[in-house]
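Here the structure comes first, spelled out in structure tokens, and everything after it is commentary.
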Amino acid sequence: MVNFADTAAAGHRVFRMGNVNLNAGLQAGRPWPLGAHWDGSGVNFTLFSANAERVELCIFAGGTLHTLPLPKCTDQVWHGYLPGATPGLCYAYRVHGPDLAGNRFDPHRLLLDPYARELSGTFSYTASPSSLSGLRACVVDEAFDWGQDAPPAIPWADSILYEVHVKGATWQHPGVPEALRGTYTGLASPAMIAHFKQLGITAVNLLPVHYFLDEERLVNSGLTNYWGYNTLAFFAPEPRYAARIGAQSVIAEFRSMVRSLHAAGIEVILDVVFNHSAETDESGPTVSFRGIDNASYYRLPANDRNLYENFSGCGNTLNLANPRVLQLVMDALRYWVGEMHVDGFRFDLAATLTRDSGFLAAVRQDPLLASVKMIAEPWDMGPDGYHLGRFPPGWSEWNDRFRDLARSFWLSGEAEPSAMAQRLAGSSEIFRHSGRTPQAGINFITAHDGFTLRDLVSYQYKHNELNGENNHDGHDHNLSWNCGDEGESNDPVVLQRRHHLQRALLTTLFVAQGVPMLQGGDELGRTQSGNNNAYCQDNALTWLDWQHADADLIEFTAGLISLRLRFPQLRRSTWLTGASTTQGQRDIVWWHPSGREMSSNDWHSPHRGALAFFLAPENTGDTTDGNAQTLLVLINRDADAQTFHLPPGSWQQLCDSSSNAPFALSLRQATSTLAARSVQLMAQG
């Protein structure tokens, strides 16, 4: 019987196991649930490996590694129970198996539990596989006082997403206490919540917060994987974003963040990476899955099982066709919803998850996941990898056609009015099937992957030299326009073009049917100096620059969101058809600047950049304000001003994107003149 504390290595958890008889070995325990779970009297350990011949539990204590064989294997799950063990115990596994094609067993390697809730220690590409200073999993106490926490449950039609990086959002924010900048706590600080509420966003979409590794090439170059799309542990929150206030664990801090955001009416959506793992290709590190059961966890080519299928572009592809790997993903999703209270997920390279697997069916039938938002990035790098519009009811998808069309309409003038109209109306030719609604499409102009909004109108070409890849990385087809100068400019003509175009693009985003997603920082006028692939730039290039924030652009963005929430017809949950509503009006009419409806001949002229549409009030039963008003949207992408002849009646101008006072109210009758590259919104009734 021993009592000891592990204080051996810096960065490791300090814990006490209590009275544990290690000499007695492990009891049989049970084969479920997977992972390490404390029941108040001890810890049950389970590990799936279909091809292992023996599995050893390795316990770190008092600077010593204690090795205990898992005594039982039931249905390919190895398990054992350690009486007296408590939360704080740190452990790893050694897995023994046959030397056969597709296997990568190495009994000298210490391996992480794929179900680890928290990790301790440090990872090094140069450390010995059996190093005691490496990564280890920690048993946790899941107790947490959620108080009165409840999900905001924002309807999809009313949702406005804000894509943001946990660290980058607050690292330079003067209103966030210095000790909390770059952390989960900082993201939910009063200063940040005030900004979110000022904007009117309903959900933060966080770039990956699962525990991830920096790729070896980046480490050797003195860089890091800032975005975090290199997951190692799907249940463990990333500790580099933890403030570590007192004895608070990373898990507790993450939960506190969620609780605070929920109290402010803001949902939390996680970007998740289940298409590949941080073990990368055949030359990458063996840290967890690869050493536990390589042939089960990864897709291997039939003609050479020493290699990996690479649909992710990151070296490997997780094998969700294996029921236990699919279970891992489903268990992780349920954990983050049930235990961490998140409100949804955006799946990176989601097409990968649907290949030869039952993933979509598993999600559809799961009662816990049925209540949360599911968003697909509907493509990957594998064969037939573009799946836009192919996801089933209950899913929303990043609509890159909206992104590309809006850019080509406003910035290059290549897009026809008919194509722009299709995107504004919700991209029905893509999503209108199987009972899906306009909210199946997530509309965006920019995202983390690509130019910021300011750079989109400031750079004709990418400038990624700082990434160390000779500017070969990142997209070349950006549909951007520098407005006359490459990069920063003092030319007032260039600056006015950029001013108009940023606002016109934002207005297009918020008047379109579907769900808008704003990239965090675009409302501040943030620049990345033309870097359109800043995944490895954890510095001032990517952190939100609050000191130089464009206050007018913030107010303009907030004003647009306010108008969107005021007028239900901008966020319809049914498709526009052009048919009459119950009030006798047609739900949408497309209007020519000359004062008539658009004809078939009007639609297919790429040189015409002026069009308008008006939306009938929604029949919501509420006859106040926007619910009883027809909304008119006027668009002029041309380089010259354009006079529109308005439909009959008196119209109140609500927004002019080109004006220095964009939301000043004024009356219009008969005509309205739009400045170059601008949008106006008007209401009648």
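What follows is calculated from the coordinates using simple rules that are stated; it is not laboratory data. Quick caveat, the model's predicted, so the values are computed rather than measured. All Cβ positions, glycine included, derive from the backbone under ideal geometry; neighbour counts span all protein chains shown.
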Treating only the Cβ of Lys, Arg, Asp and Glu as charged (+1, +1, -1, -1), what charge dipole size does region 22-138 show about its Cα centre? Round to the nearest 20 debye. 60
Calculate, in nm to one decimal, what Asn23 and Leu466 gain on full extension: separation in residues at 0.36 nm each, minus their alpha carbon distance. 154.0 nm
Translational diffusion of the chain, µm² s⁻¹ [Kirkwood Rh, Cα pairs; Stokes-Einstein; 25 °C; 0.890 mPa s]: 91
Pop a pseudo-label 7 angstrom from the Cα along the beta-carbon direction at both Ser128 and Ala263 and give the gap in nm to one decimal. 4.9
Taking 60 Å as R0, compute the FRET efficiency from the Cβ-Cβ separation of Gln76 and Lys197 and round it to 0.05. 0.75
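Below 8 Å, C-alpha to C-alpha, sequence gap of six or more: please give me the relative contact order for region 542-685 in percent.
20
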Residues whose modelled amide H sits under 5 Å from the amide H of Arg586, counting only those 5 or more places away in sequence or on another chain, are Thr581
Here the net charge surrounding Leu353, from other residues whose Cβ is less than 11 Å away from its Cβ (Lys, Arg +1; Asp, Glu -1), is -3
Selection from Gly435, Asn275, Asn490 lying farthest towards where the dipole of the chain points positive, charges on Cβ: Gly435
Treating the beta-carbon of each Lys and Arg as +1 and of each Asp and Glu as -1, no other charges, what is the dipole magnitude of the chain about its Cα centre, to the nearest 20 debye? 1040
Taking region 329-477 as the region of interest, what is the percent of Cα-Cα pairs per 10 angstrom bin, listed from the shortest bin to the one with the maximum distance? 10, 32, 33, 19, 5
Place a point 7 Å from the Cα of Met381 along the Cα-to-Cβ direction; which residues of region 292-310 have their backbone N under 11 Å from it? 310
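Stokes-Einstein at 4 °C, 1.567 mPa s, Kirkwood radius from Cα pairs: D for region 22-138 in µm² s⁻¹?
Values: Rh = 14.4 Å.
Answer, rounded: 90 µm²/s.
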Convert each backbone phi in region 373-384 into a coupling constant with the Karplus relation 6.51 cos²θ - 1.76 cosθ + 1.60 (shift: θ = phi - 60°), then list the ³J(HN,Hα) values in order as whole Hz, x for Gly and Pro. 7, 10, 10, 9, 8, x, 7, 8, 9, x, x, 6
Taking 0.36 nm per residue of sequence separation and subtracting the Cα-Cα distance, how much length would be gained by fully extending the chain between Asp400 and Glu555, in nm to one decimal? 53.1 nm
Three-way shape label, region 575-684, alpha-carbon gyration tensor, a/c 1.5: oblate
Along the charge dipole of region 575-684, pointing to its positive end and built from +1/-1 on Cβ of Lys, Arg, Asp and Glu, which listed residue (Pro647, Ile588, Thr577) has its Cα farthest out? Pro647
Helix-derived mean residue ellipticity, 222 nm - over the chain, DSSP H n ≥ 4, -39500 (n - 2.57), to 500: -5500 deg cm²/dmol
Say R0 is 41 Å: what FRET efficiency, to the nearest 0.05, do Asp638 and Glu178 get from their beta-carbon distance? 0.25
Taking the simple approach of a point 7 Å from Cα along Cα-to-Cβ for both Ser221 and His475, what is their distance in nm? 2.1
Distance between modelled label sites at His548 and Asp356, nm, 7 Å Cα→Cβ extension: 5.0
Mind pulling the angle between the C-alpha long axis of helix 492-511 and the longest principal axis of the chain? Nearest 10 degrees, somewhere in 0 to 90. 70
